[in-house]
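Structure, as structure tokens:
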Amino acid sequence: MRHSSPKDITVSKSTRTHRCLSCGVRLSDRRRYCSVTCRQRLRRKLNLRTGLLRALNTRYATFYITDRVIVLDILPYDSGEIFSFIFARSTHRQPADDFNRLADLLGSAWWKERRRTNRKYLASRYLLTKASRLPEGRKTLVPDEISRPAVRSRSLVHLQLDADALRNTDLENVIKKAYRRQAKKHHPDLGGDTRMFRRIHEAYEDLLQWSEEPSFTRRRGFPDKWFYDGVRNSWVQPTPVSRK
């Protein structure tokens, strides 16, 4: 296991946004993941190892990757410090597999100390001494609440709008302009596809109806890190970048 100082793993926000948040491969566009399969694979790996986090009395945790390392940050219920486990990435393995190796090493160390002392809390305390400590880092691991418009994603896609556009104070006009733009491209009388035009019109009606009584879904997390909530005992993928 390799430990580094937080300065050693600093990566600019712009660098992260151009990499898959699950495997780290460089992306040529603004996608967040290289594939759905890649995202789901990492999530399964993370959720299979929540027993370790429970043993460490974890309130919150985050997992993220850089060019060189994977990082597991843990905030226990009874601590104001963040405990950071930093593990060098393998040349020929994906971060999901590296996480498995890290979890195996930490789990083996925990069980060895558990058998030696016959005390779970001593095994957990011992394991945390192997981590890098970030004093008074609690705020960096307590997630913000992210709100997103509760609309069908396909409606946004068909009108070529992003979710933030739905926060515009002149929302009805925004939706109508988007509809007119897409109608000019896809109207059957202008050589467009009938089926696509029908979908665009349905999206237009869907978003207009939503604009009359806007509703939002809310969840907690980070835009560039996988987030673990000890109350739910599960990991969630990085949140879309959005205003509160």
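The values are calculated or read from the model by the stated rules, or taken from the named source; none is laboratory data. Treat the numbers as computed from the prediction; the structure is a model and nothing was measured. Note that we place each Cβ from the backbone using ideal geometry, even for glycine, and neighbour counts take in every protein chain shown.
Restricting attention to the range 80-111, the residues that are hydroxyl-bearing (S, T, Y) and in contact (Cβ under 8 Å) with a residue 40 or more places away in the chain add up to 1. Within the range 179-192, is even one residue among the hydroxyl-bearing types (S, T, Y), assigned by TED's automatic domain parsing to the domain that holds R32 and surrounded by 13 or more Cβ atoms within 10 Å (Cβ to Cβ)? Scanning the range 179-192 turns up no residue that is among the hydroxyl-bearing types (S, T, Y), assigned by TED's automatic domain parsing to the domain that holds R32 and surrounded by 13 or more Cβ atoms within 10 Å (Cβ to Cβ). Look at the range 203-224: where a residue is under 26 Å from V71 (Cβ atoms) and a partner is aromatic (F, W, Y), sitting 6+ places away or on another chain with Cβ atoms under 6 Å, you get G221/F227.
Is it the case that Y228 is within 30 Å of R54 (Cβ to Cβ) and either in a strand (DSSP E or B) or among the hydroxyl-bearing types (S, T, Y) (or both)? Yes; evaluated as a whole, the condition is true for this residue.
Would you confirm whether or not the range 103-110 contains a residue that is of a type in the set (A, V, I, L, M, F, W, C), more than 27 Å from G24 (Cα to Cα), surrounded by 12 or more Cβ atoms within 10 Å (Cβ to Cβ) and in contact with an Asp or Glu (Cβ under 8 Å, 6 or more places away or on another chain)?
No - not one qualifying residue is present in the range 103-110.
I need a count of the residues in the range 70-84 that are closer than 18 Å to D224 by Cβ and surrounded by 22 or more Cβ atoms within 10 Å (Cβ to Cβ). Show your work before the answer.
Pass one, the range 70-84, residues closer than 18 Å to D224 by Cβ: 70-75, 82, 84.
Narrowing further to those that are surrounded by 22 or more Cβ atoms within 10 Å (Cβ to Cβ): 70, 72-75, 82.
Total satisfying the criteria: 6.
So which pairs qualify, if the first residue must be in the range 33-44 and in a helix (DSSP H, G or I), the second must be surrounded by fewer than 17 Cβ atoms within 10 Å (Cβ to Cβ), the Cβ gap must be under 9 Å, and the two must be at least 6 apart or on different chains? Hits for this filter: C38/V25.
Kindly indicate whether L128 is touching a residue at least 60 places away in the same chain (Cβ under 8 Å) and within 19 Å of V236 (Cα to Cα). The answer is no for L128.
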